[in-house]
Amino acid sequence: MSRPFLSSLRGALAAVLLAVNTIACAVPILLVAVVKLVLPFKPVRRVVDPVLNTLATAWIGVNNAVLWDDRRTRLDVQGHEQLQARDWYMVVSNHQSWVDILVLQRVLNRRVPMLKFFLKWELIFVPVIGVAWWALDFPFMRRHGKAALRAHPELRTKDRDATRRACAKFSLVPTSVMTFPEGTRLTPDKKARQASPYRHLLKPKAGSLAMSLHALGTRFHSLLDVTIVYPDGVPDFWEFLSGRCPRVLVRVHVREIEPALCVGDYTEDTALRRDYHRWLDGLWQAKDAEIEALLIASAPRALPASAAPGGAPADGATQRPR
């Protein structure tokens, strides 16, 4: 059988296994969530939320076994050795593909409390998994255009209030709150439209990060600053399922959260917004440099001229990963 056929077969099998696992785990999650819905009291949540997180952690664990245990993708991770599953963490990462979420879950599952992502409101309508995300208290955010915000200024407070409500729930049991500050996946077109000053990143946005730190800052043990690099090219979801992602490099940096960033109102305090933007710009400059260094270190090495046929440079020796 041809390699493309085997690759597609592998992807189809992985997709079926993920779907079966999702349905099998979503049913008990939703049943337990009914208890939380009917009895929305803190003592009940303190018991129910850990059960829900345990079920979701098992769900992710099986997904990881399906996606990673055949070793087709080599995962190179550094910096995650000292993490604790009983601490609260704020997690940020660069964003290039839906595969980023699978990578983060593989690296951090059972090392930190379950990751709770900020999700676009539209994702709540994804069959089965959207309702499961809702049951697990993933914060759903609505995106409003500039025209809508000008016409209805009150919309500015809706996401802030939703974040505060979500973080109030997270304060009851250890949680890892995850956000992609870039707000969307990196593409060359988006980078050009933004006139991004970074080589490998979009401009970061501080909104959801600032609101989370304001609502739950004193609870967070530290900030996990994660850098994800695909040295052989950024895969889409199907390419990853099909085993066409040879390598993933992940670097985890545990950083202190400055207390000054956890007080004040980001939406109203101009000085605080400036501080956030300076802080995020510093993180992103360091991340950009780290990505560049990882790409250079992982690029194919040029062969000496004498090693190539006819004394010419080896084919592809000077090409950067796509």
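The values are calculated or read from the model by the stated rules, or taken from the named source; none is laboratory data. Bear in mind the structure is a predicted one, so any value in this text is a computation, not a measurement. Glycine gets a Cβ as well: all are built from the backbone with ideal geometry, and neighbour counts include every protein chain shown.
Observations
- Top-ranked residue of the stretch 215-252 - restricted to ones that are of a type in the set (G, A, S) and closer than 30 Å to R165 by Cα, ranked as surrounded by the fewest Cβ atoms within 10 Å (Cβ to Cβ): S222
- Close pairs (9 angstrom Cβ cut-off, 6 or more residues apart or separate chains): within 15 Å of L216 (Cβ to Cβ) in the stretch 251-266, of a type in the set (S, T, Y) anywhere: I257/S222; P259/T218; L261/Y276; C262/T218; Y266/Y276
- Restricting the first member to the stretch 109-127 and to residues that are in contact (Cβ under 8 Å) with a residue 60 or more places away in the chain and in a strand (DSSP E or B), and the second to residues that are buried (at least 19 other Cβ atoms within 10 Å of the Cβ) and among the charged types (D, E, K, R), the beta-carbon pairs closer than 7 Å and six or more apart or on different chains are K116/D137.
- Some residue of the stretch 198-206 being at pLDDT below 95 and within 20 Å of E268 (Cβ to Cβ): yes
- Residue identified as closer than 22 Å to R219 by Cβ, at pLDDT 95 or above and touching a helix residue (DSSP H, G or I) at 6+ places or on another chain (Cβ under 7 Å) among V92, V77: V92
- The listed residue being surrounded by fewer than 21 Cβ atoms within 10 Å (Cβ to Cβ) and hydrophobic (A, V, I, L, M, F, W, C), out of V112, V91, V126: V126
- Residues located in the stretch 249-285, provided they are among the charged types (D, E, K, R) and more than 23 Å from W88 (Cβ to Cβ): E268, D269, R273, R274, R278, D281
- Only one entry of A192, A206, A210 meets the criterion of being surrounded by fewer than 17 Cβ atoms within 10 Å (Cβ to Cβ) and out of contact with any Ser or Thr (no Cβ under 8 Å at 6 or more places or on another chain), and that entry is A192.
- The residues of the stretch 13-23 that are surrounded by 12 or more Cβ atoms within 10 Å (Cβ to Cβ) and without any contact (Cβ under 8 Å) to a residue 40 or more places away in the chain, listed by number, are L13, A19, V20.
- Among the residues of the stretch 171-189, those that are among the hydrophobic types (A, V, I, L, M, F, W, C) and surrounded by fewer than 22 Cβ atoms within 10 Å (Cβ to Cβ) comprise L172, V173, L186.
- Of the criteria (1) more than 17 Å from the chain's Cα centre (by Cα); (2) in contact (Cβ under 8 Å) with a residue 12 or more places away in the chain, which one P40 fails: (2)
- Residues considered: R72, R86, R10, R46. Of these, the only one that is in contact with a Gly (Cβ under 7 Å, 6 or more places away or on another chain) and more than 25 Å from S298 (Cα to Cα) is R10.
- Against the test of being more than 30 Å from R72 (Cα to Cα) and surrounded by fewer than 17 Cβ atoms within 10 Å (Cβ to Cβ), the options E268, E292 yield a single qualifying residue, E268.
- Condition met for T218 (under 24 Å from H80 (Cα atoms), within 15 Å of the chain's Cα centre (by Cα) and β-branched (V, I, T)): no
- Of all residues in the stretch 160-207, those being within 19 Å of V91 (Cβ to Cβ) and among the charged types (D, E, K, R) number 5.
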